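Reading through the structure tokens given below for one structure.
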Amino acid sequence: MKILGIDPGSRITGFGIIEANKLKFNYLASGCIRTQGDLFERITTIFQGIGEVIEKHQPDVVVIERAFMRPDRPNPDAAIKLGHARGAIIAATGSRNIAMVEYSPNQIKKVVVGNGHAAKKQVSYMVCETLKLNKAPQEDAADALAGAICHAYHCL
């Protein structure tokens, strides 16, 4: 099964693709879609970028990180922008009839690291260990790969 994990963001959207066969995971690709310009340009870039990743790698399922807003630092404007980015990802995926699932950041961290409140460095380290990578991917791509790994464990 090919799993495309996506860490949504209005400025940087991370993606990571793995192939899962039982408990064996193979790294296929990862990267970031970096956006510029006004919100409309950024959302269009995300939609097109995710579409290109899907066309190139033909995943069986797409995993997206659920939106999270910290209760101690609420930022409605950021939440709305993140919602737009998620909408572009959902539209790019849905228009290609690919199954989509979502997990909260805490669910992903709990599965990958064993601690739902793990630091980003811990997530990155465990992604490298699990996928036997020589070098850590960019932070947003590592989070996306963690989402893919989380789903692979849930499917087994």
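The values are calculated or read from the model by the stated rules, or taken from the named source; none is laboratory data. Keep in mind that what you see is a predicted model, and the values were worked out from it rather than measured. Note that we place each Cβ from the backbone using ideal geometry, even for glycine, and neighbour counts take in every protein chain shown.
Is there a residue being in contact with a Cys (Cβ under 6 Å, 6 or more places away or on another chain) and either at pLDDT 95 or above or not in a loop (DSSP other than H, G, I, E, B) (or both) anywhere in region 93-108?
Yes - at least one qualifying residue is present in region 93-108.
Give the residue, chosen from Leu39, Leu23, that is closer than 22 Å to Leu131 by Cα and aliphatic (A, V, I, L, M).
Being closer than 22 Å to Leu131 by Cα and aliphatic (A, V, I, L, M) holds for just one of Leu39, Leu23, which is Leu23.
A quick yes/no check of all residues on (1) assigned to a strand (DSSP E or B); (2) under 16 Å from Phe15 (Cβ atoms); (3) in contact with a helix residue (DSSP H, G or I) (Cβ under 7 Å, 6 or more places away or on another chain); (4) at pLDDT 95 or above:
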position: Gly31; (1), (2), (3), (4): yes, yes, yes, yes
position: Gly49; (1), (2), (3), (4): no, yes, no, yes
position: Phe68; (1), (2), (3), (4): no, no, yes, no
position: Ile90; (1), (2), (3), (4): no, yes, no, yes
position: Ala144; (1), (2), (3), (4): no, yes, no, yes
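Confirm whether Phe47 is among the hydrophobic types (A, V, I, L, M, F, W, C) and touching a Gly at 6+ places or on another chain (Cβ under 8 Å).
no
Give Ile12, Ile33 a once-over and let me know the one that is within 23 Å of Gln107 (Cα to Cα) and of a type in the set (A, V, I, L, M, F, W, C).
After applying the criteria, what remains is Ile12.
Can you tell me which residues in region 115-156 are surrounded by 16 or more Cβ atoms within 10 Å (Cβ to Cβ) and among the hydroxyl-bearing types (Ser, Thr, Tyr)?
Listed by number, the residues that qualify are Ser124, Tyr125, Thr130.
Name the residue, out of Val62, Val53, that is in a strand (DSSP E or B), in contact with a Leu (Cβ under 8 Å, 6 or more places away or on another chain) and surrounded by 15 or more Cβ atoms within 10 Å (Cβ to Cβ).
From the options Val62, Val53, the qualifying one is Val62.
Just one of the numbered conditions (1) touching a residue at least 40 places away in the same chain (Cβ under 8 Å); (2) part of a loop (DSSP other than H, G, I, E, B); (3) among the basic types (Lys, Arg) is not true of Arg73; which one?
So the condition that Arg73 fails would be (1).
Restricting attention to region 21-47, which residues are in contact (Cβ under 8 Å) with a residue 40 or more places away in the chain, closer than 14 Å to Ala85 by Cβ, surrounded by fewer than 17 Cβ atoms within 10 Å (Cβ to Cβ) and not aliphatic (A, V, I, L, M)?
Thr44
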